[in-house]
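> Attaching a single structure in structure tokens format; questions to follow.
No value in this document is a laboratory result; all are computed from the given coordinates. Computed from a prediction, not measured in an experiment: that's the story for all the values here. Please note: Cβ atoms are built from the backbone with ideal geometry, for glycine as well, and neighbour counts cover all protein chains shown.
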């Protein structure tokens, strides 16, 4: 495993200052010394990226498709080594990481398919009408073009699917944007293995040097320098509200402000309606025991807030949820910092006078460290409404049940929430028409509105919207999952009055790429 | 003419403090006392707007279509009165304002047509695949929904097409967003006439109160309060870089940052290639004499920068341009402030040692005030590259010719420019293939890339991209002109696992609206 920074096609050792990865389940260091990048290396990577952009943006879909597919193949071929390292670095179990590797390669191939189909450029053509009155219409043709080099921050909770070759990188490379990854310090070895694959593939395929680089840092200096570099045109990030808003601030205070796509905190409210609770409280409790504790609650779609009206059904739900949660074994959290923060926040909540404990697991694995124990607590709607702090995310296997006196109070709770990734209603078909106000409110709150499904589990496809109003993300108008996530990396350009042969293929009249276009106000191929 | 603030369906007189409109051609006051709004009235308008949003966003396309079409009809019916007032307030001549009124009503009808067609919501449907391995696929359906109340700042240079019932308002109302207009103080009477039409139509059609409001202010207090109000979800603005960046700062420093679509400064570079100059220098000079001086140069697409390599052809172009410009009569500029600023900047340029005058008209109409006189000046590429200040916009009938020694220096000039609305190349068909580097660079610089057309004259249609990299606009990913400008007012939401009858019509399986959708990866109606 090469542990040096990757700048285009060369390796760089910075000032020979290194750090080590930590196994969170034991707290001990893992093999490998990772070289912290320098500001000079940032400059070099960004200069190469801009040079590469001038070529890569015009390289055509076939070469981009080959690039993405080859990365996917190589990841698969080296899957065992990557997964083993990721297990040691993240504490996540093998099946979860097997699934994540599958998702990662699927994402790369999904964007390759999107490029082959081709319609994603949103080509619109209005041909000239020289005899239009009172003024002639001139020929205008518009399509999406890549924005420029993208800085991708690896995510701690998805060492594969949202890190070096994850969704952001795949979408950016597909759009025609070079990628500079700032490796997450929690899994530098996983990052190194994956980054070396991308470097090897890019070099083998003769792609412009600088189309991909990867830099390590244990602190914030390199990330800040990357965001502030004038050649950077987009930033993507998945992590905390604090981290995301810090990047947003840097990006907008540049001489040229640039978009930051930060996916940050979300408590993913679940409304449990009365008839659903009456009819199937045990089933709902089982669903949420699983959803709250899956991957030690370290999903951005973890259901951190349950909202219901007091009832017999709710009491049964609570009893069943308490039983379920108490059976959940502790598990290793991603980093010592995440675990310490989780324990601190849960203890704060539990010791609050407004909050009572529904259940807290005590099944601690004493042979390991950084163990997250599941907990579910309860608060009255009145107390919730009076305390802004309970709207904050507790990252881990935790949920807060808000108990309302009636439907009006339940609506008040919903109206008081900030923007969310997801908002869910668990309901019986019969009762839903009576709660139109609530279902409408869910679509104002969140980017994904769910009926009778847990929010965990994000389908990677065309229709997915993984994003939502601030502070869930920095920009509610874009998804970070699915084919539409490519739209984060592009902007429209129109060509006016150009000769056929000088236009991009996507805009030529005879449609050589056979893509869907809006041609003189008609959708056609 | 009612000169009070319009808050939903009532009139408001603020604290009874008023201001008057000024006729810029005479410097004298025009009839009408316009009531400056108060912060309490901002609160009232925004509270109503949010209430209206909850209803208006679900009102369905037919009522929105009727609303837009009726506004257009009423504007037409009251055209004479509106145009006369706009002439007095802006100094713009009748034919220009006739054209602008036509554009305004066309824009309203264009969005009505877009709603009737319906595909603009970008519906994407992935139906469930219960037996998919390793995991079932759940039903997910996505479409665009309105963001919320939009604050629209009227523009000084388009008293009709980018003010009260202009492109921003039409797009926002079409998207399902209530609109609160901050009237431009340079044309309050025009604003009053148009706003009263919108109020009357909304009331007659029984639309939710608060779907439209209009507030007056002579300073910045009301605009700032509107941008900072938590119910405001989008801001649109057309004006100066200083004004636009001030709004951007306010919007991002809110507790919930919101998008600002500001169209700001642009110098719209024109590259004149050698063979074009050799073959048709006189024709090019005629084109640019017209384009630079049209509407006293007060277009955001005014060609403020011409770039060419020194040659005999260029000398002939300069001679012909000098003749043309010297024949242009002075004309009234939009406001005393705009005129004073124009004169100051032109004088600064002319007195710079690096700059020489190609031509300055002396045909001053001494019977009027606030007269703009056309001027064209020249600078060497070396001096241009050494002086950042010459990249700034001079709003008015002015252009700066940058003379390069060779093509490399010309490229350096292009590479040194900031983001632009438009970038143009005037070229002979024969020579274009030799300048690929330059034509590629134009598409990095600007949102609209033009061949052998002047940049003035913006087609309002599907393919138009009126926007560009900062500082031309605040967000290069959106256009403020044409059907695509509706995308500024929406965000995607997906519905997961919903019953057919509870889904929006756009997402029902049987496609009752017969719109284009991506259905299980296939585009169809």
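> Once the Cα atoms of the range A:290-334 are picked out, what are the Rg and Dmax in Å?
In Å, with Rg to one decimal and Dmax whole: 12.4, 38.
> Sorted from fewest to most neighbouring beta carbons within 10 Å, what does the list B:465, B:264 look like? If you can, show how the numbers build up before the last one.
Values: B:465 30, B:264 25.
Arranged by neighbour count, lowest to highest, B:465, B:264 become B:264, B:465.
> Taking one equal scatterer on every alpha-carbon of the range A:320-395, how large is log10 of I(q)/I(0) by Debye at q = 0.21, 0.22 1/Å?
Each listed q corresponds, in turn, to -0.99, -1.05.
> Another question, if that's okay. Using a basic spin-label model with each label point 7 Å from the Cα along Cα→Cβ, how many nm lie between residue A:407 and residue A:221?
Taking the two extended label points, one gets 6.0 nm.
> Given a Förster radius of 41 Å and the C-beta distance between residue A:429 and residue A:249 as r, what FRET efficiency does 1/(1 + (r/R0)^6) yield to the nearest 0.05?
Numbers: r = 46 Å, r/R0 = 1.12.
Taking R0 as 41 Å, the efficiency between residue A:429 and residue A:249 is 0.35.
> Can you give the % of DSSP beta bridges in the protein assembly as shown that are antiparallel, to the nearest 5?
Details: 60 of 148 bridges.
Close to 40 percent.
> For the range A:140-213 and the range A:322-341, what is the separation of their Cα centres, given in Å?
32 Å
> If you average the C-alpha positions of the range A:397-413 and of the range A:438-514 separately, how far apart do those two centres end up, in angstrom?
Computed from Cα coordinates, the inter-centre distance equals 32 Å.
> Between residue B:28 and residue A:59, what FRET efficiency comes out of the Förster formula 1/(1 + (r/R0)^6) with R0 = 51 Å and r the beta carbon distance, rounded to 0.05? Display every interim value, and only then the final one.
Numbers: r = 62 Å, r/R0 = 1.21.
Computed FRET efficiency for residue A:59 and residue B:28 comes out at 0.25.
> Here's another thing I want to ask about it. Test of understanding: ordering B:163, A:26, A:416 by Cβ neighbours within 10 Å, fewest first, what list do you get? Could the numbers behind the result be given before it?
Details: B:163 30, A:26 15, A:416 12.
So the ranking, lowest neighbour count to highest, is A:416, A:26, B:163.
> If you don't mind, another one. Under 20 °C and 1.002 mPa s, how fast does the range B:8-49 diffuse according to Stokes-Einstein, given a Kirkwood radius computed over C-alpha pairs? Answer in µm²/s, whole number. Each step should come with its number before you reach the end.
Details: Rh = 11.9 Å.
So the translational diffusion coefficient is about 180 µm²/s.
> With a bin width of 5 angstrom, please list the P(r) values of the range A:269-451 as percents of all Cα-Cα pairs, from the 0 bin to the one holding the largest distance.
1, 9, 17, 22, 21, 16, 8, 4, 1, 0, 0
> Note down, for the range A:46-172, the three equivalent ellipsoid semi-axes (square root of 5 times each alpha carbon gyration tensor eigenvalue), biggest first, whole angstrom.
Details: eigenvalues 326, 45, 34 Å².
The equivalent ellipsoid of the range A:46-172 has semi-axes of 40, 15, 13 Å.
> Stokes-Einstein diffusion coefficient for the range B:1-117 at 10 °C in a medium of 1.306 mPa s, Rh from the Kirkwood formula over Cα pairs: what value in µm²/s? Mind dumping the intermediate values first?
Details: Rh = 16.8 Å.
It diffuses with D of about 95 µm²/s by this estimate.
> So, one more: Looking at chain B only, what percent of DSSP beta bridges run antiparallel? Nearest 5 please.
Working: 30 of 71 bridges.
Antiparallel: roughly 40 percent of the beta bridges in chain B.
> Okay, helix-only estimate at 222 nm for chain A: each DSSP H run of n ≥ 4 adds -39500 (n - 2.57), divide by all residues, round to 500 deg cm²/dmol; what do you get? All intermediate terms of the calculation are to be shown ahead of the outcome.
Details: 14 runs with 193 residues, N = 525.
Helices in chain A give a 222 nm mean residue ellipticity of -12000 deg cm²/dmol.
> While we're looking at this one, here's another question. Compute the angle between helix A:436-445 and the longest alpha-carbon principal axis of chain A, please, reported from 0 to 90 degrees and rounded to the nearest 10.
The angle comes out at about 50 degrees.
> Based on the Cα coordinates of the range B:237-364, what is the per residue volume of their convex hull in Å³?
Values: hull volume 17.3 nm³, N = 128.
Residue-normalised Cα hull volume stands at 135 Å³.
> Any idea what angle helix B:336-350 forms with the longest principal axis of chain B, computed on alpha-carbon atoms, 0 to 90 degrees, nearest 10?
The answer is roughly 40 degrees.
> Here's something else I'd like to know. Zone of residue B:382 (label point 7 Å along Cα→Cβ, backbone N under 16 Å): which residues in the range B:336-373?
Of the residues in the range B:336-373, B:353-356 have backbone N under 16 Å from the label point off residue B:382.
> In whole Å, what three semi-axes, largest first, describe the equivalent ellipsoid of the protein assembly as shown built from its Cα gyration tensor (square root of 5 times each eigenvalue)?
Details: eigenvalues 498, 265, 122 Å².
Taking √(5λ) for each Cα gyration eigenvalue gives 50, 36, 25 Å.
> Sequence gap at least 6, Cα distance under 8 Å: using those rules, report the relative contact order of the range B:269-451 to the nearest whole percent.
Working: 341 pairs, mean separation 50.2, N = 183.
It comes to 27 percent, rounded to a whole number.
> Right, next: Mean separation of Cα pairs under 8 Å and 6+ residues apart, divided by the residue count of chain B: what relative contact order is that in percent? Intermediate values should be presented prior to the final figure.
Working: 1199 pairs, mean separation 90.3, N = 525.
Relative contact order, chain B: 17 percent.
> Using 7 Å Cα-to-Cβ label points, what is the residue A:98/residue A:353 separation (nm, one decimal)?
5.2 nm
> Could I ask something else about it? Taking 0.36 nm per residue of separation and subtracting the Cα-Cα distance, what length does fully extending residue A:76 through residue A:10 add? Display every interim value, and only then the final one.
Details: separation 66, 0.36 × 66 = 23.76 nm, distance 2.43 nm.
That works out to 21.3 nm of additional length.
> At a 10 Å Cβ-Cβ cut-off, how would you order A:96, A:132, fewest neighbours first? Write down the numbers at each step before the final one.
Numbers: A:96 16, A:132 10.
Lowest count first: A:132, A:96.
> Another question, if that's okay. For helix B:39-56, report the angle its Cα long axis makes with the longest principal axis of the Cα atoms of chain B; keep it between 0 and 90° and round to the nearest 10°.
60 degrees
> Bin width 5 Å, origin at 0, all Cα-Cα pairs of the range B:392-484: what percent of pairs per bin?
In whole percents, the pair-distance histogram is 3, 12, 20, 25, 21, 12, 6, 1, 0.
> When only alpha-carbon atoms count, how far does chain B stretch along each of its three principal axes, as whole angstroms with the largest first?
Reported extents, whole Å, longest axis first: 73, 67, 41.
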